[in-house]
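The values are calculated or read from the model by the stated rules, or taken from the named source; none is laboratory data. These numbers were taken from a predicted model, which means no experiment stands behind them. Glycine also receives a Cβ, built like all others from the backbone with ideal geometry; neighbour counts cover every protein chain displayed. Only protein heavy atoms, including side chains, enter the accessible area calculation; ligands, DNA and RNA are left aside. Shrake-Rupley method; radii C 1.70, N 1.55, O 1.52, S 1.80 Å.
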Amino acid sequence: SPLPLCSATPGRLCHRLVDGLCGREPPCRGEYGATWSLQEWAGLRDSLTALFCRAVGSNSADEEVLAELQKLCSRHAHAVLNVLRSRRREVRLALLSRTDCMSSAALQDFDWSLKLALSSDKISSLNTPLLSLSLDVRENGALRPVAVEMSKEELSALISSLEAANKVMLQMK
């Protein structure tokens, strides 16, 4: 369904949404109570906030953002885009700050070895390659060892996850 952005000042609302995203005072529904129902307000707020996060996180070009905003009239779409352009750096810093707050742990060092499991207590002939990964993780100043053993499939999934994370980090720069 189309975004019901019919406010006379869409730029002001968008700036307030970015303020909220950046940890400052977000807009209150009471300020717009006569304009939108509670459901419309929540949908608009969530949609625009998600748009700002997505556009900054994936470093979207203006054309991509406008394509996402095609349900809005041109004047409102350009107002949203102008707010995004002017506050992109601020949103990026807020997103990075949120990511940093997820964990204080950092990889200090690692070591790996490849093993071949020939059998197990249940199967007499296994012949499965296993990767032993030893991580030294620094968390709150203390070094903590972490040992992980992975099959070929688990290693492939880990590598794919790390490549995707690296791609996102490169886009954030």
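A few comments on the model shown:
- What the phi angles of the stretch 105-112 give under the Karplus curve with 6.51, -1.76 and 1.60, with θ = phi - 60°, is a coupling list of 7, 9, 6, 9, 7, 8, 8, 9 Hz, glycine and proline written as x.
- The stretch 10-101 - charge dipole about Cα centre, Lys and Arg +1 at Cβ, Asp and Glu -1, debye rounded to 20: 180
- Fraction of accessible area attributable to carbon and sulfur, the stretch 35-173 (%, probe 1.4 Å): 56
- Contact order normalised by residue count of the chain, Cα under 8 Å, 6+ apart, percent: 18
- Label-point separation in nm, Gln39 to Thr9, each point 7 Å along Cα→Cβ: 2.9
- Per residue solvent-accessible surface (Å²) - the chain, probe of 1.4 Å: 65
- Annotation for Ala105 and Asn82: the two label points, set 7 Å from Cα along the Cα-Cβ direction, are 4.7 nm apart.
- Fluctuation leader among Leu69, Leu158, Leu13 - the chain, Gaussian network, Cα springs under 10 angstrom: Leu158
- Only the Cβ atoms of Lys and Arg (+1) and of Asp and Glu (-1) were treated as charged; on that basis the dipole of the chain about its Cα centre amounts to roughly 660 debye.
- Ranked by the mean number of other Cβ atoms within 10 Å of their residues, highest first, the peptides 128-138, 46-56 come out as 46-56, 128-138.
- When the charge dipole of the chain is built from unit charges on Cβ atoms (+1 for Lys and Arg, -1 for Asp and Glu) and taken about the Cα centre, the candidate among Leu126, Ala77, Leu96 whose Cα reaches farthest toward its positive end is Ala77.
- In this structure the amide hydrogen of Ala117, modeled in the peptide plane, comes within under 5 Å of the amide hydrogens of Thr128, Leu130, none closer than 5 places in sequence on its chain.
- Count Lys and Arg as plus one, Asp and Glu as minus one, and take only other residues whose Cβ is under 12 Å from that of Gly23; the net charge is then -1.
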